[in-house]
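What follows is a single structure, written as structure tokens, with notes after it.
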Amino acid sequence: MQLSKSAFLAGLVAMLPVLAAGHSWIACTDYTEMNGQDWDAGKCRAFPRSGQQFVPKSAAFGTDTGYNFHGKEEQPCRTARNDGGAYTADHPMAVYYPGQRVVFTHPTKNHVADPGCTNNFIPDNGNQILVGPKDGGADPKLSGFTLLEDLGVSPTGDLPASIMSSYPKPGYQNAPKFCDNQDKALATGNFTLPTDMQPGRYTFLWAWSFNSPQDTYTSCWEADVVASQTERDNRLQQRGQASGDACDFNTNCNGGNSETGGESGTGGESGTGGEESGNSGSETEGCDDCLTFVYTSLKTNVATGEMSISADFPPPRADPNHPGQVDVRFPFPVKNAVFAVGRSTVIPSTETADGVFVLSEADLVPLAGDKLTVTVRFDDGVGPTCFSQAGRVRIEPVGYVAHTPLDFFFEQRWNGGGMGRIVLPDSRRTLPGDWWVEVTFPCPDLTFQVWYGTDQSTDEQKSRGQYVIRQPEWETQNTNHIGFTVQNSACAFLEDDVVATLVTAGK
């Protein structure tokens with residue numbers, strides 16, 4: 001296992017004096033709900049060192065017991081290592097497996113920049129997970145720990161409220177319900193163990209820098225890393241705990257209830273502050289109900305996400321003799337993007353000169369109904385500043401027929417008919433391929449006339465109540481709708497009974 005050192009360690013070792021009051025600590029070292037809103041002791045499967053003394057399950061979450069600690073070179077942890085006495089049956093040691101994404105918790109202790117209840121300028125200067133040697137004895141010096149993962153920093157400063165009040169966040173301040181209880185709100189973070197991490201017992205260290213990179217608080221805990229997820233689950237079941245990996249409150253926790261932990265006590269809305277929050281699971285541009293993208297983790301130089309492929313992929317080809325492809329474009333320059341199934345099966349992709357990653361239809365069809373894990377690496381300062389960037393990842397099926405619903409409404413109604421509009425999107429003006437509008441009525445015996453468009457329906461289509469309309473170029477550039485009149489005597493229908501669709505034939 002290769003774990004690189006980080007330049008920030010020198011700053012941790014130096015440990016300048018504290019600049020202002022501030023404190024926090026790790027309260028749970030294996031929580032079964034990522035990005036959760038409310039603390040639930042039933043979802044905590046493991047505790048930090050001396051947890052029964054300092055973070056007992058019986059106490060209110062975030063209660064001050066003197067557990068906050070400024071780590072020092074000669075004493076990196078609040079208490080000395082004592083595996084036999086620092087853990088109990090009610091407050092057990094963690095059990096992990098290589099490749100596991102581990103979720104941990106800590107109280108906010110008033111240290112979150114959220115204009116909804118504090119301000120934009122509460123600092124976060126770093127949030128890292130370090131690890132000691134395998135099967136070590138006493139704690140090493142602080143410089144003897146190795147950086148396992150840099151968890152990034154939370155957004156602070158002169159930024160819009162849509163960013164500052166949006167969750168999840170990278171870094172320390174990922175607490176969706178902070179404004180409900182600024183002192184004791186639940187915050188969660190997560191890190192992933194290397195897939196080649198050797199089984200053994202390790203000491204982990206959380207380092208959070210508050211006012212400056214040198215104003216650093218630490219918490220320590222031990223964990224047994226076992227060979228596989230199955231072995232981890234067996235260990236958990238033997239001590240009467242639920243197995244399985246952590247779910248994400250915003251995407252797969254069954255409306256806020258963990259699939260693996262105890263009772264939730266949460267439920268309801270996700271609590272994210274902005275409509276474009278990256279973990280909200282909102283669909284991106286592209287093929288409706290066909291491909292979607294959402295970030296699941298955001299760190300300093302790497303973001304991970306999931307790309308979902310619908311069970312009915314691919315859509316109809318624009319040319320039956322030519323397979324299509326899927327283009328993925330990120331809203332920032334990336335070093336590379338890796339698309340994979342699970343942890344090892346990489347799906348080939350080709351990067352174009354303008355930074356688009358191309359996936360072939362042949363590689364994606366066998367994965368219909370599945371999800372791809374996407375890992376994106378980027379340089380400092382060019383990546384997404386918050387999860388809302390996920391809403392701007394563009395996934396574009398190329399070479400397919402796509403259907404986009406349109407608004408159809410009456411401006412005037414009269415007996416047996418009416419006059420109205422079909423509203424067209426501005427995006428049609430820059431579509432790379434052919435497009436037209438299809439309108440289907442619930443009964444065929446009618447007279448349908450249009451302006452700002454040309455009716456190109458066949459007699460057979462009209463006999464089924466279906467109409468095909470195209471816009472000449474000058475009307476495409478100068479109007480944003482198709483006007484119509486319809487006269488019908490065979491049946492009565494409402495606007496919602498009419499289906500209007502923009503059909504795109506791709507490149």
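The values are calculated or read from the model by the stated rules, or taken from the named source; none is laboratory data. Bear in mind that the values here come from a model prediction, so they are computed numbers and not experimental data. Quick reminder, even Gly has a Cβ in these numbers, built from the backbone with ideal geometry, and neighbours come from all protein chains shown.
Of note:
- Unique match (being without any contact (Cβ under 8 Å) to a residue 12 or more places away in the chain and either touching a His at 6+ places or on another chain (Cβ under 9 Å) or of a type in the set (A, V, I, L, M) (or both)) among 59, 86, 80: 59
- In summary, strands (runs of 3 or more DSSP E) completely within the stretch 313-377 and bearing 2 or more residues that are touching a Leu at 6+ places or on another chain (Cβ under 9 Å) occur at 325-329, 336-341.
- For the stretch 21-28, the condition holds for at least one residue, the condition being that it is more than 30 Å from residue 249 (Cα to Cα) and either surrounded by 13 or more Cβ atoms within 10 Å (Cβ to Cβ) or at pLDDT below 95 (or both).
- Residue 477 vs. criteria touching a helix residue (DSSP H, G or I) at 6+ places or on another chain (Cβ under 8 Å) and more than 30 Å from residue 312 (Cβ to Cβ): yes
- Candidates are the residues of the stretch 142-180 that are among the hydrophobic types (A, V, I, L, M, F, W, C) and in a helix (DSSP H, G or I); the one that is nearest to residue 194 (Cα to Cα) is 142.
- Within the stretch 193-222, considering residues that are of a type in the set (D, E, K, R) and under 23 Å from residue 97 (Cα atoms), the one surrounded by the most Cβ atoms within 10 Å (Cβ to Cβ): 222
- Positions within the stretch 420-453 being part of a strand (DSSP E or B) and surrounded by 15 or more Cβ atoms within 10 Å (Cβ to Cβ), in sequence order: 420, 421, 422, 435, 436, 437, 438, 439, 440, 446, 448, 450
- The lone exception for residue 372 - which of (1) among the aliphatic types (A, V, I, L, M); (2) in contact with an Asp or Glu (Cβ under 9 Å, 6 or more places away or on another chain); (3) at pLDDT below 85 it fails: (3)
- Every pair of residues 6+ apart whose Cβ atoms lie under 7 Å, when the first sits in the stretch 149-165 and is at positive phi while the second is of a type in the set (Gly, Ala, Ser) and in a loop (DSSP other than H, G, I, E, B): 152/171
- Single residue of 421, 470 found to be more than 36 Å from the chain's Cα centre (by Cα), charged (D, E, K, R), closer than 19 Å to residue 402 by Cα and at pLDDT 90 or above: 470
- Within the stretch 469-498, considering residues that are surrounded by fewer than 17 Cβ atoms within 10 Å (Cβ to Cβ) and among the β-branched types (Val, Ile, Thr), the one nearest to residue 436 (Cα to Cα): 479
- Complete set of residues in the stretch 439-464 that are touching a helix residue (DSSP H, G or I) at 6+ places or on another chain (Cβ under 9 Å) and farther than 19 Å from residue 419 by Cβ: 444
- Residue match in the stretch 457-467 (condition: surrounded by 12 or more Cβ atoms within 10 Å (Cβ to Cβ) and closer than 18 Å to residue 426 by Cα): no
- In the stretch 204-254, the qualifying residues are those that are closer than 20 Å to residue 126 by Cβ and of a type in the set (Val, Ile, Thr), and the one that is modelled with the lowest pLDDT is 216.
- Looking at 303, 318, just one residue is modelled with pLDDT of 50 or more, over 19 Å from the mean Cα position of the chain (by Cα), among the hydrophobic types (A, V, I, L, M, F, W, C) and on the phi < 0 side of the Ramachandran plot, and that residue is 318.
- Qualifying residue in the stretch 354-367 (condition: touching a helix residue (DSSP H, G or I) at 6+ places or on another chain (Cβ under 8 Å) and either surrounded by fewer than 15 Cβ atoms within 10 Å (Cβ to Cβ) or touching a residue at least 60 places away in the same chain (Cβ under 8 Å) (or both)): no
- Test result for residue 389, within 16 Å of the chain's Cα centre (by Cα) and either modelled with pLDDT of 80 or more or within 28 Å of residue 163 (Cα to Cα) (or both): yes
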